[in-house]
Amino acid sequence: MAIVERSKGRIRFAFKDALKELVKNPKKESLLMLHFSYGKLRFKYSTGYSSCYNDWDYQKQRVRNKAHLINSGYVNDLLNTLETELYKTVSAIESRQGIINKEVLRRKLDEITNKTQEEEIRELSFYEYIDKFLDRKEGKIAKVTLRSYKQTNRLLKEYNNALRFEDIDIDFYYGFLEFLENDDKSLNTIGKHIKNLKSFLNSATQDGLNKNLFYTNSAFKAPKEQTTAIYLDELELKKMADYDFSGYRNWGHARDIFLIGCYTGQRVSDYNGLTKANYLIKDGVRFFKIKQKKTGREVFCPITHETQAILSKYDNNPPPKMNEQDINEFIKEVGRKVGLNDMVSNSYTKGGVEHVDEVMKYKLIGTHTARRSFCTNMYKKGMSIYDIMHFSGHSTEREFYKYIRIEKEQRAIKIAQSGYFNLA
């Protein structure tokens with residue numbers, strides 16, 4: 001029997017400013033905000049009206065009916081309408097099992113308040129715009145990218161919580177770099193945050209809000225350096241695959257997930273968590289059908305004998321998903337156990353200081369090593385760059401060559417043996 005179900009969401013109205021501040025100054029005007037929570041979703045929306053602590057009924061969440069307030073009835077009617085229509089919208093989406101996202105809710109409320117997106121954008125400060133930028137991106141970009149954007153936003157506020165678009169100049173640039181260096185950030189991490197900041201500014205410029213284009217100056221660049229990233233050759237992968245980790249179940253589990261990454265060329269977000277649904281047989285050939293989370297591209301990765309041997313341990317299924325931090329921890333132990341102890345020179349810049357350390361190879365193994373191992377090993381075996389990039393998701397040859405780990409001599413030998421040279 002069909003029943004009427006109430007939406008699981010919750011709506012409340014509250015001041016934008018902190019309550020402690022308003023209690024101290026009860027006549028101070030503060031913007032009234034609509035707050036909506038639905039599972040993990042948190043959405044807030046400006047009603048466009050302000051009130052003060054003395055004129056607000058906290059229990060009813062409405063403006064008090066006082067003689068000196070000539071439009072309290074109108075404002076309360078608007079709040080009632082916003083609440084009713086938002087619940088209706090959410091219920092309609094729930095009934096058709098659709099996805100509830102902030103942009104849909106915002107558009108609906110914009111219709112009620114007659115607020116165009118352009119008008120709203122013009123009112124936003126630097127940090128208000130970044131909040132809007134992050135709201136737009138939620139659910140549309142990889143979680144790791146969104147998390148990176150949020151980290152940049154937090155660091156910018158730590159550096160200057162009153163930053164304006166017009167403040168972005170060469171003094172800001174060098175000051176922010178120095179702040180990040182003093183925070184002991186690596187050079188590539190600093191570059192990532194500058195790149196994210198430029199993404200914020202590009203978006204604000206396209207929306208017509210930012211007129212300061214200094215960030216496009218060649219001096220405003222994202223610093224970066226080549227990192228000491230290793231790969232594992234086929235002999236090293238075989239050592240891992242052949243070792244009996246029955247006494248170390250977590251290590252063996254992490255090893256199996258990692259090796260699937262080495263044999264498919266996928267990012268950890270794609271090779272960790274494969275299921276039976278990804279398994280496909282076509283014309284007698286076994287594949288993993290994977291939709292890459294970062295690019296959205298669909299790829300078909302052939303299942304090798306080595307991969308099939310791993311699946312056989314799990315009733316012909318991929319190994320269960322494991323927390324990425326655990327994989328990074330356990331795969332280093334796996335490398336240590338199988339004897340990947342060659343010394344590697346590890347150079348990097350941190351806190352503005354160049355460092356060079358000699359470390360054992362296994363200490364540099366991580367989830368990212370799997371994809372790099374696939375790309376490097378396939379390149380050495382003669383697979384075309386374009387075919388490798390099809391699997392790995394690299395968009396340009398330039399990025400690909402920066403990614404793989406091939407000595408100059410190895411690359412020269414491969415080119416010499418390509419058939420284009422009349423070798424002596």
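The values are calculated or read from the model by the stated rules, or taken from the named source; none is laboratory data. The shown structure was predicted, so the numbers you read here are calculated from the model rather than taken from an experiment. Using ideal geometry, Cβ is built from the backbone for each residue, glycine included, and neighbour counts are taken over all protein chains shown.
Tabulated results
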| item | result |
| --- | --- |
| Candidate set: region 366-388, residues that are within 17 Å of GLN266 (Cβ to Cβ) and hydrophobic (A, V, I, L, M, F, W, C); chosen: the one surrounded by the fewest Cβ atoms within 10 Å (Cβ to Cβ) | MET383 |
| Number of positions in region 356-382 that are free of Cβ contacts under 8 Å to residues at least 60 places away in the same chain, farther than 16 Å from TYR403 by Cα and not in a strand (DSSP E or B) | 4 |
| Test: LEU134 is part of a helix (DSSP H, G or I), modelled with pLDDT of 85 or more and in the same structural domain as LYS195 (by TED's automatic domain parsing) | yes |
| Restricting region 90-129 to residues that are part of a loop (DSSP other than H, G, I, E, B), more than 22 Å from LEU201 (Cβ to Cβ) and aliphatic (A, V, I, L, M), the residue that is modelled with the highest pLDDT | ILE100 |
| Test for LYS102: is it surrounded by 14 or more Cβ atoms within 10 Å (Cβ to Cβ) and more than 18 Å from ASN196 (Cα to Cα) | yes |
| Members of region 280-329 found to be closer than 22 Å to HIS253 by Cβ, touching a residue at least 40 places away in the same chain (Cβ under 8 Å) and in a strand (DSSP E or B), listed by number | CYS301 |
| Single match in LYS350, LYS361, LYS380, LYS402 (criterion: of a type in the set (Lys, Arg) and within 18 Å of PHE258 (Cβ to Cβ)) | LYS361 |
| Tally, over region 163-220, of residues that are among the aliphatic types (A, V, I, L, M), surrounded by fewer than 17 Cβ atoms within 10 Å (Cβ to Cβ) and in a loop (DSSP other than H, G, I, E, B) | 2 |
| Some residue of region 344-355 being assigned to a helix (DSSP H, G or I) and either assigned by TED's automatic domain parsing to the domain that holds SER395 or surrounded by 15 or more Cβ atoms within 10 Å (Cβ to Cβ) (or both) | no |
| Residue count, region 338-353 (criterion: modelled with pLDDT under 75 and charged (D, E, K, R)) | 1 |
| Of the criteria (1) farther than 23 Å from PHE126 by Cβ; (2) charged (D, E, K, R); (3) in contact with a His (Cβ under 9 Å, 6 or more places away or on another chain), which one LYS185 fails | (1) |
| Positions within region 86-99 being surrounded by 15 or more Cβ atoms within 10 Å (Cβ to Cβ), out of contact with any Ser or Thr (no Cβ under 8 Å at 6 or more places or on another chain) and either touching a residue at least 12 places away in the same chain (Cβ under 8 Å) or not assigned by TED's automatic domain parsing to the domain that holds LEU32 (or both), in sequence order | LEU86, THR89 |
| Tally of residues being surrounded by fewer than 14 Cβ atoms within 10 Å (Cβ to Cβ) and part of a strand (DSSP E or B) across region 268-279 | 0 |
| So THR84, is it hydroxyl-bearing (Ser, Thr, Tyr) and either on the phi > 0 side of the Ramachandran plot or touching a Leu at 6+ places or on another chain (Cβ under 9 Å) (or both) | no |
| Filter result for the condition that a residue is in contact (Cβ under 8 Å) with a residue 60 or more places away in the chain and touching a Pro at 6+ places or on another chain (Cβ under 6 Å), over ILE230, ILE257 | ILE257 |
| Those residues of region 230-246 which are surrounded by 15 or more Cβ atoms within 10 Å (Cβ to Cβ) and either more than 31 Å from the chain's Cα centre (by Cα) or not aromatic (Phe, Trp, Tyr) (or both), in sequence order | ILE230, LEU232, GLU236, LEU237, LYS239, MET240, ALA241, TYR243, PHE245 |
| Residue list for region 262-280, filter: more than 19 Å from ASP315 (Cα to Cα) and small (Gly, Ala, Ser) | GLY265, SER269 |
